[in-house]
Amino acid sequence: MGTNSSSCEDAPEVQREKVKPRERWEVVGLAPLCLLTLQMPPLSLGAPISPAEPISQAYSLAIYMQKNTSTLLQIYLQYQGGPFSDPGFSAPELQLSSLPPAALSFKTWHALDDQERLGHAQGAFLVLAQHLQLVGDDQSDLNPCSPILLAHLRAARLRAQDILGNVAAVMTALGLPIPPEEDTLGLVPFGASAFERKCPGYVVTREYGHWTDRAVRDLALLKAKYPR
């Protein structure tokens with residue numbers, strides 16, 4: 001596990017109906033009603049959309065994601081070899097400069113307004129989606145014979161992209177501006193050692209779980225704030 005391999009031999013595996021005369025008169029009789037309808041003022045294109053439905057959808061997705069985050073981290077560590085695969089391995093000091101920690105004091109978290117709360121989630125999952133692509137590419141090279149690991153990383157990236165869309169829908173419903181997407185990867189050191197390529201993957205899979213937990217709490221609060 002965690003070493004390059006060039007072979008996977010040992011890896012596990014209407015036809016339209018004619019209107020009758022009577023029906024013609026019945027249709028004509030609806031003309032005044034149709035005219036009245038046409039004369040009604042149209043709905044404003046800027047009419048607010050109820051945020052309850054997109055919030056509920058985003059919350060359901062976050063709950064689904066939460067069920068798989070610990071499995072993703074465990075599988076990632078298992079395939080990296082020591083020290084990552086050592087029992088009880090934890091390195092909270094390892095961080096990504098482009099990804100702020102999900103942890104906040106309760107007072108600070110509770111005081112966030114809707115735009116701050118959703119903007120933080122949008123920014124975090126954008127970083128996670130982009131880095132999960134890079135981690136997946138690295139692991140395809142470092143662990144090409146680990147289909148389970150690669151499948152979990154691919155699924156996590158797709159879920160991160162999905163939650164981005166859900167959060168954007170909530171922000172639109174609330175009339176909030178959606179932050180533009182940015183390249184958060186920066187320069188990639190192509191000459192990095194295997195260990196240096198494994199470290200970001202650990203941080204990404206760990207923080208994916210932390211940010212998913214926070215998204216569940218954020219969206220639960222919004223569900224209570226904007227009930228159906």
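The values are calculated or read from the model by the stated rules, or taken from the named source; none is laboratory data. Bear in mind that the values here come from a model prediction, so they are computed numbers and not experimental data. Virtual Cβ from ideal backbone geometry, glycine too; neighbours counted across all protein chains shown. Just so you know, the surface numbers come from the protein's heavy atoms only, side chains and all, with ligands and any DNA or RNA stripped out. Shrake-Rupley method; radii C 1.70, N 1.55, O 1.52, S 1.80 Å.
Odds and ends about this structure:
- Each of 138, 183, 113 has its accessible area taken with a 1.4 Å probe; listed largest first, they run 183, 113, 138.
- Where the Cα pairs of region 138-228 fall when distances are cut into 10 Å bins, in %: 12, 36, 31, 16, 6, 0
- Assigned charges on the beta-carbon of Lys, Arg, Asp, Glu; region 60-201 dipole about Cα centre (debye): 400
- In plain terms, the chain from residue 63 to residue 213 could stretch by 53.2 nm, reckoned as 0.36 nm per residue minus the Cα-Cα distance.
- Within the assembled protein chains, the solvent-accessible surface assigned to residue 114 is about 20 Å², based on a 1.4 Å probe.
- Residue order by solvent-accessible surface for 149, 77 is 77, 149, largest first, with ligands and nucleic acids left out and a 1.4 Å probe.
- Measure of compaction for region 82-137 (Cα Rg per 2.2 N^0.38 Å): 1.45
- Only protein heavy atoms count here; under a 1.4 Å probe, residue 116 has an accessible surface of about 80 Å².
- Take residue 106: with every protein chain present and a 1.4 Å probe, its accessible area is about 130 Å².
- Once the C-beta distance of residue 192 and residue 78 is scaled by a Förster radius of 30 Å, the resulting FRET efficiency is 0.90 to the nearest 0.05.
- Summing charges over all other residues whose Cβ lies under 11 Å from the Cβ of residue 138, with Lys and Arg as +1 and Asp and Glu as -1, gives -1.
- For region 218-225, the Karplus equation 6.51 cos²θ - 1.76 cosθ + 1.60, evaluated at θ = phi - 60°, returns couplings of 4, 6, 5, 5, 5, 4, 5, 6 Hz by residue, with Gly and Pro reported as x.
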